[in-house]
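Undergrad: My structure is below; once you've seen it, I'll send some questions.
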Amino acid sequence: MQVRSAREGDDEAIARVYAPYVTHSAVSFELVAPDSAEMRTRRTSGRPRLPWLVVEVEGAMAGFAYAAPFRARAAYQWSVEVSVYLAERAQRRGAGTALYEALLAELRGLGYVRAFAGIALPNEGSVRLHEKLGFTPVGVYPSVGYKSGAWHDVGWWTVPLVDPRPVSPDPPREWRA
C-alpha cells in the first residue's frame, strides 16, 4: 500500500472510486457523478491549493483523500474540511487510515489548526475511521439533505491539528504536490 500526491492521470480513477458514493448511496449529496475532467478541476483549481492524496493497493489506485477550505471568510483560514473515499476492495484494509494520517500530517505542516469532517448518517464505518484518528463529534445537522427519497442527517467531527493552538498564527501555506 502506497500513499502519494494525486497527479495528472489519476483523475479518471478518482472519478471511478467516487461514482458509487454518488449513484448508489447517500454518502455524497451530489446527484450526478462528476467525470474525470471535473475531478481534475476540483483537484487543481481551488485556492488556496490544498492536498489531494491517493492510495495505491496492489499497484492500482484504490482511494483518495483531500482537504478543502472550511468556509470562505478570512477568520476560518486555519480550518479545513477533509474527506476520504475508498474503492470497495480497499475498505477495511487500512487504506483509509493511511490516507488520513498522511493528509493530516500534510495539513499540520502547512500551518492548519483544525480539520472538520461531515458524515452523512448513518455511516458506522466512516464514524469509526474518524474517531480512530482522534476526531470527536461536535454536532448533527438534522435532515439537511434529501436524496434517494429520504432526508439525511449530517454529523460533524473535528480534530485539532496542533495543540496548543497558536496565539497569533501565521497564515497557512499553499500546498505543493
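Undergrad: About the Cα centre of the chain, how large is the charge dipole given +1 on each Lys and Arg Cβ and -1 on each Asp and Glu Cβ? Please answer in debye to the nearest 20. Present the calculation step by step, with values, prior to reporting the outcome.
TA: On the way: 21 positive and 19 negative charges, 76 e Å.
With only Lys, Arg, Asp and Glu charged at Cβ, the dipole is about 360 debye.
Undergrad: If you average the alpha carbon positions of the range 120-172 and of the range 80-96, how far apart do those two centres end up, in angstrom?
TA: 15 Å
Undergrad: Could you work out the relative contact order of the range 2-116? I mean the mean sequence separation of Cα pairs under 8 Å and 6+ apart, divided by the number of residues, in percent. Walk me through the numbers on the way to the answer.
TA: Values: 172 pairs, mean separation 28.6, N = 115.
With pairs under 8 Å counted, the relative contact order is 25 percent.
Undergrad: Further question: Along each of its three principal axes, how wide is the spread of alpha-carbon positions in the range 64-154, in whole angstrom units, largest first?
TA: 41, 35, 20
Undergrad: Answer with a single label: of (1) 18.5, 66; (2) 14.7, 42; (3) 15.8, 47, which was calculated as Rg and Dmax of the Cα atoms in Å from the structure in view?
TA: Structure-derived value, by its label: (3).
Undergrad: Just rank 11, 163, fewest to most, by other beta-carbon atoms within 10 angstrom. The partial results should precede the final answer.
TA: Details: 11 23, 163 6.
By the 10 Å Cβ count, ascending: 163, 11.
Undergrad: Okay, next question. Which order do 61, 1 fall in if you start with the one that has the fewest other Cβ atoms within 10 Å? Don't skip to the end; give the middle numbers.
TA: Values: 61 21, 1 14.
Going from sparsest to densest Cβ surroundings: 1, 61.
Undergrad: Return the distance in nm (one decimal) between the two label points of a simple spin-label model at residue 89 and residue 74, each offset 7 Å from Cα along Cα→Cβ.
TA: 4.9 nm
Undergrad: Say the dipole of the chain comes from +1 at the beta carbon of Lys and Arg and -1 at that of Asp and Glu; which of 112, 95, 125 then lies farthest toward its positive end?
TA: 112
Undergrad: Hey, another quick one. Which residue, 84, 138, 57, tops the fluctuation ranking in a GNM of the chain built on C-alpha contacts under 10 Å?
TA: The residue that fluctuates most here is 138.
Every read-out reported here was derived from the displayed coordinates using simple, explicitly stated rules and does not represent laboratory data. Computed from a predicted structure; not experimentally measured. FYI the Cβ positions are ideal-geometry reconstructions off the backbone, even for glycines, and counts take in every protein chain you see.
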